[in-house]
Ligand SMILES: [Zn+2]
């Protein structure tokens, strides 16, 4: 729909023999998308219309105080688990809440949050049962996932140096938990190498924290 409104784009797409199937897929009927739209109707009726002043002010701009760097996991929704209002959290999520040195997307989010939104706090948030952390133990052949996980492997190495061999049935569980926690610490170390963060922290404009969300209990706690 948006593309069709751009001069020249419509013609380019219809002339391109490779695009019909992808175009067809964008307009296909989907019960799941219908569910999203119905959910939005419910949101407007029950939430949006219940607080028109809040949403009116949000339409004018945002000034969140916190940058949240979390995992994409569908069970760790930041606003929901912190009971935050819209406009309070500036959020970026990826597989494994990883802060690599070479990710232009993440570094742009961080620079924007620190230099323009002037957030006061950055939280790096891990969680239990994280698929990304489990994948550190697997030899995956996918073209990108193993590369992405390279920036988290040090967490596993550090934990394995501490927990050399599993003695009890509880040990593998504890090892997985320790890797999830260590990954939060590791990603904070990476984050502190970002010039915008280093400078803001040194000047006292920003603080960086580690957090961990336990899916089984719904508890968010500090990682030290
Ligand atoms: Zn995860």
**Request:** Scan region 114-132 for residues that are within 13 Å of the ligand (Cβ to nearest atom) and either within 30 Å of residue 61 (Cα to Cα) or touching a strand residue (DSSP E or B) at 6+ places or on another chain (Cβ under 8 Å) (or both) and report the count.
**Result:** 7
**Request:** Only residues that are surrounded by 12 or more Cβ atoms within 10 Å (Cβ to Cβ), out of contact with any helix residue (DSSP H, G or I) (no Cβ under 6 Å at 6 or more places or on another chain) and in a loop (DSSP other than H, G, I, E, B): list them for region 195-224, please.
**Result:** 205, 215
**Request:** Just name the residue that is nearest to the ligand (Cβ to nearest atom) out of those in region 97-113 that are touching a residue at least 60 places away in the same chain (Cβ under 8 Å) and within 15 Å of residue 187 (Cα to Cα).
**Result:** 97
**Complete:** Taking region 65-93 and keeping only residues that are free of Cβ contacts under 8 Å to residues at least 40 places away in the same chain, surrounded by 13 or more Cβ atoms within 10 Å (Cβ to Cβ) and within 16 Å of the ligand (Cβ to nearest atom), one is left with 72, 77, 91, 92, 93
**Item:** Among residues of region 161-194, those that are modelled with pLDDT under 95 and surrounded by fewer than 16 Cβ atoms within 10 Å (Cβ to Cβ), counted
**Value:** 14
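The values are calculated or read from the model by the stated rules, or taken from the named source; none is laboratory data. Everything numeric here is computed off the predicted structure, so don't read it as measured data. FYI the Cβ positions are ideal-geometry reconstructions off the backbone, even for glycines, and counts take in every protein chain you see.
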